[in-house]
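The values are calculated or read from the model by the stated rules, or taken from the named source; none is laboratory data. From a predicted model like this one, the values you see are computed outputs, not experimental measurements. A quick note on method: Cβ atoms are made from the backbone with ideal geometry, for glycine too, and the neighbour counts reach across all protein chains shown. For accessibility, only protein heavy atoms count, side chains too; no ligands or nucleic acids. Shrake-Rupley method; radii C 1.70, N 1.55, O 1.52, S 1.80 Å.
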Amino acid sequence: MTAPARGPGSWSENILEYFLRNNQIATEDGAEIIWYHAANHKAQMNEAVKSTAHMIEADVLLPNDGSEHGQPIMAHPPETNSDNTLQEWLAEVMKSNKGIKLDFKSLAAVEPSMMLLENVKRHLKCPVWINADILPGPNGNSKVIDAKPFIDTVTSFFPDVTLSLGWTTGWHPEKVNEGYSWTMVKEMEYICNELNQPVTFPVRAALVRQSCSQLLWLLKKSNRYSLTIWTGKNDDYSIEDLLFIRNHFGKNQVFYDILEPQNLQFKQAIGIKVNL
C-alpha cells in the first residue's frame, strides 16, 4: 500500500507546513499554533471563525432524543443536545482558512460524520484531524472507542486524514498521578505502526513529565508521529512542566492546546508573541 500524498492542499498536510505556507506562522514550531477549543455551539463556532486561531476543535456526537434522523451534532458530554449540527458547522468553518479537529466520543457518530465530510471534501483544502480516545490511559475511567472500527471507518473514507489517537485519562489532586506506562505506549505503537498517515497523540500536560522516556520512545518510532499537549480544567501543573516538555521534545513534534492563563504564560516564557 503506497502512502497517500501529504502535499499542499491534502488533508494530511502537516499543519506547520500548511500555516507556514500561508504565512500565518513564522517557523515550524508547534507552540506557534493557536487553538480554539470546544467550538460547538453556534456562538463559539462564530467566535472561533473570527478569532486568530489556526485550528478549531469541536466535539461530535449523535443526539440522544432521536431527532434530526440521527444527524451528528456539536456537543461535548454530558451535553447531548446542541443548536448546531455538524453539517451547519462545516458550512461555516469552511468559509475560513482554519484547520479542523473533530473529536468523537462515540463510534456511532463516526460514519455519518465521514459521509458529511465527504460531501464537502472538494471545497475543504485545510488540514483535518479526526480524534478519539482508543486506549485506557493513566487513571482513565471513560469508555474508549474501539480502535479498529474507528480507524477502519475513518480511513475507508479518507486514507490521508491526520488521526489524533489518545488514551482516556484522569487526574486526582490528592494523590500521586501515574504517567503513561510502557504498556500504554507500546500498545498505541502496535496499533499505529501499520498506518500510513500522520498520527498525533493527545497527552495530558500534568502526566507528561513522569512519562518522558515512554513518550520520547513513541515519537522516535515514526516521523509521522507528534504529540498534542492538552490540559484538564482543574489539573495542577506548572509552566515549568510545559518548559520541560519544550526542552525534551522537538519543537516541530509537539502542539500545545492548553487553557489560559497558562497558555499565555507559557508563550511569553518561550518568547512567542501573543496578540491579545
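What FRET efficiency comes out for residue 178 versus residue 88 if R0 is 41 angstrom and r is the Cβ-Cβ distance? Round to the nearest 0.05. Plugging the Cβ-Cβ distance into 1/(1 + (r/R0)^6) gives 0.50. The mean accessible area for residues of the chain, using a 1.4 Å probe and ignoring ligands and nucleic acids, is 47 Å² per residue. For residue 232, the residues 5 or more places off, or on other chains, whose built amide H falls under 5 Å of its own are 205, 206. The lysines within cross-link reach of residue 148, meaning a Cα-to-Cα straight distance under 19 Å and a gap of 8 or more places when in the same chain, are 105, 186. For the range 126-252, with all protein chains in place and a probe radius of 1.4 Å, 47% of the accessible heavy-atom surface sits on carbon or sulfur. Near residue 105, the amide H atoms lying under 5 Å from its own belong to 60; only residues 5 or more places off or on other chains count, and H is placed 1.01 Å from N. Take residue 217, project a point 7 Å from its Cα along the Cβ direction, then tell me which residues of the range 169-183 have their backbone nitrogen under 13 Å from it. Correct set: 180-183. Which trypsin sites (Lys or Arg not before Pro) in the range 202-276 sit in a loop by DSSP (not H, G, I, E or B) and have at most 11 other Cβ atoms within 10 Å of their own Cβ? Counting only loop positions with at most 11 other Cβ atoms within 10 Å, the trypsin sites (Lys or Arg not before Pro) in the range 202-276 are 233, 273.
What translational D, rounded to a whole number of µm²/s, comes out for the range 1-146 from Stokes-Einstein when the hydrodynamic radius is the Kirkwood one over Cα pairs, at 37 °C and 0.692 mPa s?
Calculated translational D: 203 µm²/s.
Here each label is just a point 7 Å from Cα along the line to Cβ, and for residue 248 and residue 50 those points are 4.1 nm apart. Structural descriptor for the chain: relative contact order 17 percent, calculated from alpha carbon pairs under 8 angstrom and at least 6 residues apart.
Note on the range 1-158: antiparallel DSSP beta bridges, both residues inside, total approximately 20 percent of the bridges counted.
Calculated from the structure at hand, volume of the Cα convex hull per residue in Å³ is found among (1) 170; (2) 178; (3) 127 as (3).
Here the extension length gained between residue 141 and residue 115 equals 6.3 nm, from 0.36 nm per residue of separation less the Cα-Cα distance. Sorted into 5 angstrom bins from 0, the C-alpha pair distances of the range 73-117 split as 5, 18, 31, 29, 13, 4, 0 percent. With an 8 Å cut-off on Cα pairs and a minimum separation of 6 or more residues, tell me the relative contact order of the range 129-213 in percent. Dividing the mean separation by the residue count of the range 129-213 yields 36 percent. Less than 27 Å apart at the alpha-carbon level, and either on another chain or at least 8 residues along: which lysines does that give for residue 98? Filter leaves 42, 50, 121, 125, 233, 251, 267, 273. Dipole magnitude for the range 166-276: about 400 debye, using +1 per Lys or Arg Cβ and -1 per Asp or Glu Cβ, origin at the Cα centre. Ranked by the mean number of other Cβ atoms within 10 Å of their residues, highest first, the peptides 19-28, 48-57 fall in the order 48-57, 19-28.
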